[in-house]
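Below is one structure, written out as structure tokens; comments come after it.
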Amino acid sequence: MAAKGANLRSQITRAMIGLTLTAFAVVYFGMMAYFFVIYEWLYPDATADESWRLGDTVMVGLVLGFGLLSAALIGWRLGRRILAPLETVAVAARQIASGDFSARAGLPRGSFGEAGDLVADFNRMAERLQQAEAELAYSNSAIAHELRTPLTILRGRLQGLQDGVFAPGPQLYARLIAHVDDLSAIVEELRTLALGTAGQLDLICAPVDLAAEAEAALDALDAQLAGAGLVVTRHLAPAVTRADRARLRQAFVAVLENACRYAPQAGLLVETGVAGETAYFRCTDTGPGLSPEGRARAFERFWRAEASRGRSLGGSGLGLPIVRAIARAHGGEALILPDSPGLAVEIRLPCRDLSLSEQDLDDR
């Protein structure tokens with residue numbers, strides 16, 4: 001980079017010198033043409049003292065030399081100001097390429113505004129790369145941890161069957177199938193989350209009423225909600241938008257299951273409605289809620305509140321991240337509302353189409 005930088009500085013310096021020489025040539029030959037052609041034509045009776053003299057040539061040469069020296073100094077300083085921020089970016093880029101994602105570019109004093117924008121954009125990119133690297137490392141570790149338990153149980157059961165420790169029977173086979181289903185669910189959740197993160201989640205959108213989908217999700221989980229001791233209150237106002245009905249119901253079920261798992265014996269308020277240009281689904285429980293740190297990390301994959309670590313309460317830690325991925329795939333957002341008595345999760349979707357045809361209603 002040093003050689004390339006020096007080369008660029010020399011190119012800028014040469015360009016400035018060339019510009020100075022070009023300007024000098026235009027002025028010099030213009031003056032020659034004026035004195036030796038145009039001047040004699042305009043003033044044929046001029047004396048020798050009024051024509052071009054040797055002293056004039058010396059003065060022009062001195063002016064040329066001063067101009068070239070000034071151009072060289074200006075070009076060198078200009079090249080230095082241009083290259084200084086580029087060199088800091090190059091150094092940081094090499095550090096990142098070598099695996100140090102904490103490297104950041106500095107902004108030398110006196111840099112151009114565009115150089116400041118370049119350094120700021122580079123540092124933002126480096127920060128995102130560092131976050132992505134940390135998330136990838138954490139996700140890989142968490143995935144291994146999540147898959148290890150059911151795989152270990154499966155292997156133990158199958159080894160017991162092979163060794164004759166367990167007697168084959170419908171109950172044992174049902175347990176094995178349940179563990180396989182758990183593995184399949186985790187794999188499908190990971191696939192959905194990966195597609196959502198990459199912006200490749202396939203959606204089949206049609207006019208959908210969030211109230212109707214929330215009602216269907218509540219009815220499907222009625223026994224589970226009752227088993228968790230949740231007292232459900234429904235305030236389901238019409239909220240029509242265009243969305244993928246299956247993905248939307250998946251998100252609603254994930255939010256409700258989260259409440260069943262972490263807020264048993266609590267009150268549960270489920271609401272839908274429209275606020276401005278946004279249709280929303282909101283689920284608020286009166287459970288223990290989350291700490292400020294927990295609210296900030298609730299949508300991180302595999303993260304669980306301290307009281308629920310180790311899957312003691314079930315769940316893979318992917319429920320809320322999938323909810324957010326589905327919401328963002330629709331151009332909306334999922335968030336934890338502040339200042340709620342327990343935990344309030346809200347899904348917001350843009351109201352793209354407020355007309356719900358009879359055919360769409362019949363298809364539901």
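The values are calculated or read from the model by the stated rules, or taken from the named source; none is laboratory data. Remember, predicted model here, so these are calculated numbers, not experimental data. Cβ: placed from backbone, ideal geometry, glycine included. Neighbour counts: every protein chain shown. Protein only, heavy atoms only, side chains kept; ligands, DNA and RNA dropped before computing areas. Shrake-Rupley method; radii C 1.70, N 1.55, O 1.52, S 1.80 Å.
Summary of values
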item: Some residue of segment 222-234 being at pLDDT 90 or above and in contact with an Asp or Glu (Cβ under 7 Å, 6 or more places away or on another chain); result: no
item: Among (1) modelled with pLDDT of 75 or more; (2) open to solvent by less than 80 Å² (accessible area, probe 1.4 Å); (3) not acidic (Asp, Glu), the one test that residue 147 misses; result: (1)
item: In segment 254-287, the residues that are closer than 25 Å to residue 192 by Cβ and within 26 Å of the chain's Cα centre (by Cα); result: 254, 255, 258, 278, 279, 280, 281, 282
item: Whichever residue in segment 327-361 is in a helix (DSSP H, G or I) and modelled with pLDDT of 85 or more and, among such residues, is surrounded by the most Cβ atoms within 10 Å (Cβ to Cβ); result: 327
item: Filtered residues of segment 209-255 (kept if β-branched (Val, Ile, Thr), free of Cβ contacts under 8 Å to residues at least 60 places away in the same chain and either over 19 Å from residue 273 (Cα atoms) or open to solvent by less than 20 Å² (accessible area, probe 1.4 Å) (or both)); result: 231
item: Search result, residues across segment 275-289 that are open to solvent by less than 40 Å² (accessible area, probe 1.4 Å) and charged (D, E, K, R); result: 285
item: Count of residues meeting criterion [within 20 Å of residue 350 (Cβ to Cβ), among the aliphatic types (A, V, I, L, M) and at pLDDT 75 or above] in segment 173-212; result: 7
item: Segment 302-312, residues that are at pLDDT below 55 and closer than 25 Å to residue 339 by Cβ; result: 306, 307, 308
item: Which listed residue, of 105, 93, is assigned to a helix (DSSP H, G or I), at pLDDT 80 or above, among the small types (Gly, Ala, Ser) and surrounded by 14 or more Cβ atoms within 10 Å (Cβ to Cβ); result: 93
item: Complete set of residues in segment 211-265 that are closer than 25 Å to residue 330 by Cβ, among the polar types (S, T, N, Q) and assigned to a helix (DSSP H, G or I); result: 250, 258
item: Segment 236-261, residues that are touching an Asp or Glu at 6+ places or on another chain (Cβ under 8 Å) and more than 27 Å from residue 204 (Cα to Cα); result: 259
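This table checks each residue for (1) over 19 Å from residue 341 (Cα atoms); (2) among the β-branched types (Val, Ile, Thr); (3) at pLDDT 90 or above.
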| position | (1), (2), (3) |
| --- | --- |
| 265 | no, no, no |
| 272 | no, yes, yes |
| 289 | no, no, no |
| 300 | yes, no, no |
| 314 | yes, no, no |
| 318 | yes, no, no |
| 325 | yes, no, no |
